[in-house]
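Comments concern the structure below.
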Amino acid sequence: MTAMTAENRPTVQGHPQRWLILGVICLAQLTVLLDNTVLNVAIPSLTKELDASTADIQWMINAYSLVQSGLLLTAGSAADRYGRKKMLVAGLALFGIGSLVAGLAQSSAQLIGARAGMGIGGALLITTTLAVVVQIFDDTERVKAIGLWSTVNSLGFAVGPLIGGVMLDHFWWGAIFLINIPVAIVGLIAVVSLVPESKSKQGDRPDLLGALLSTIGMTAVVYAIISGPEHGWTSPQVLVSAAAGVIVLGAFAVWELRVPYPMLDMHFFRNQRFVGAVAGAILVAFGMGGSLFLLTQHLQFVLGYGPLEAGLRTAPLALTVVALNLTGLGARLLPKLGTPGTIASGMTLLSAGLAAIALLGSSGYGGMLLGLVVMGAGISLAMPAMANAIMSAIPPEKAGVGAGVNGTLAEFGNGLGVAVLGAVLNSRFAALVPAAVGAASLPAALAAAGDAGERARIADAFASGVETSQLVGAVAVLAGGLLAAVLLRRAERADSSGAAAA
């Protein structure tokens, strides 16, 4: 996304209806973000009614985030060039149409395709909502407005299982998508009547080849991860997919270095502060996305809770994040601990929360509750510090691009978390219950069991797989947090040395 110029930046009180517009934008943003996690509680229903396998479920979740992450930067560039209001309207329309198709889907393939279409609309919405916020607020109010926008991000990501549970408790699974349609219609009317048009006079050309390469590359890599447990990690299908993904992503990097209007400026990655903050952002999304994917299955398949009960039991994560974000805890601690210390502390808490869920959650909900609250505290500490580090690591005129990079990699982290931790779960389950390997899902394996003892062994094996996956996620998040802190500390020392030498 191209940075704003002085000509199109508000210089006085901002738009007279700016707070009403912010409310409309946050509603649209919330709907998009809910669809990152709302599908988690519908997994048992989809498994039963669409005869969906575990791999199908993972693709239903990943199709949305992968397409969205592949198009975020291109969508931002198109909004700058052609008009942010136009792209916001297009995004709402595409998201509404995709939701309608998803709600009426009759097969796993149809739902996966609809989710991919929703990802296109979501990419347009995520990039243009922030761009419009920056346009309609002046310098004195912009920080507060973006803070509210960011709080909605955290709320939307974590509260999806709760909303999904409420819907599934009263309606069939398609209702979790159809509820988006009235929101999209209201959003369209409000955007057309309230939001002012804005665009850069010299916007960058959309990097269409870059978008294509990044989407193909990420999809191929995640496909290999999802397919590994089912087909074998050394099978030709998995190896070819993984190799193709790596090659295509390599071609993407080379293209971005050579093209005059890159979707992703690879020179950013020479900055250790930027790399450290981005690593943290990916792994926060990795931990949250993968953990919620596993947790909702554990609550329903193993502990026997219904969709609404499972959603309510994941709500403390969202409530903790929102409560601590609104109090500004991370912003107040940042000057005292420093950016590396704040990120390390937050990521350590996130890792500890994941470990608590794995080790204490099997005996009851009390351990899960503790883990969810600790996870929420860690996210509230780490996320503001990482956003500040990313924005301070790049020139002010590239702030929009920095935000796009952060959004892209966070979406990829979410999809990767579902894929990697889901693959660990499948591998562990298959190792403990070889006889159930042919079953497409846990309910199918339980249905095929010969007696109560075998069903108990299958359920215990699944619970063990969830525990192992959560622990893998905890280790990855902790290692990433420490790496991010080290890189940021080294960058700060290099900056201090350079300033002293000057």
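The values are calculated or read from the model by the stated rules, or taken from the named source; none is laboratory data. Not measured: the values here are computed from a predicted model. For neighbour counting, all protein chains shown are included, and Cβ atoms are generated from backbone atoms with ideal geometry for every residue, glycine included. For the accessible areas, the whole protein counts, side chains as well, though only heavy atoms, and no ligand, DNA or RNA atoms are used. Shrake-Rupley method; radii C 1.70, N 1.55, O 1.52, S 1.80 Å.
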Separation of the residue 186 and residue 451 label points, Cα + 7 Å toward Cβ, nm: 5.7 nm
Theoretical FRET efficiency, 1/(1+(r/R0)^6), r = Cβ-Cβ of residue 493 and residue 267, R0 22 Å, to 0.05: 0.55
Accessible area of residue 493 in the full protein assembly, 1.4 Å probe (Å², nearest 10): 150 Å²
Segments 347-355, 113-121 sorted - mean Cβ within 10 Å per residue, highest first: 347-355, 113-121
Nearest-10 value in Å² for the accessible area of residue 261, using the 1.4 Å probe: 50 Å²
With DNA, RNA and ligands ignored, accessible area of residue 490 (1.4 Å probe; Å², nearest 10): 130 Å²
P(r), alpha carbons of region 29-144 - 10 Å bins starting at zero, rounded %: 15, 41, 27, 13, 4, 0
Full-extension gain in nm, residue 101 to residue 329, via 0.36 nm per residue minus C-alpha separation: 77.9 nm
Approximate spin-label separation residue 27-residue 240, in nm, with each point projected 7 Å along Cα-to-Cβ: 4.9 nm
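Accessible area, 1.4 Å probe, largest first: how do 336, 86 sort?
336, 86
Starting from the Cα-Cα distance between residue 259 and residue 48, subtract it from 0.36 nm times their residue separation and give me the gain in nm to one decimal.
That pair, residue 259 and residue 48, stretches by 71.2 nm at full extension.
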Solvent-accessible ranking of 43, 163, largest area first, probe 1.4 Å: 163, 43
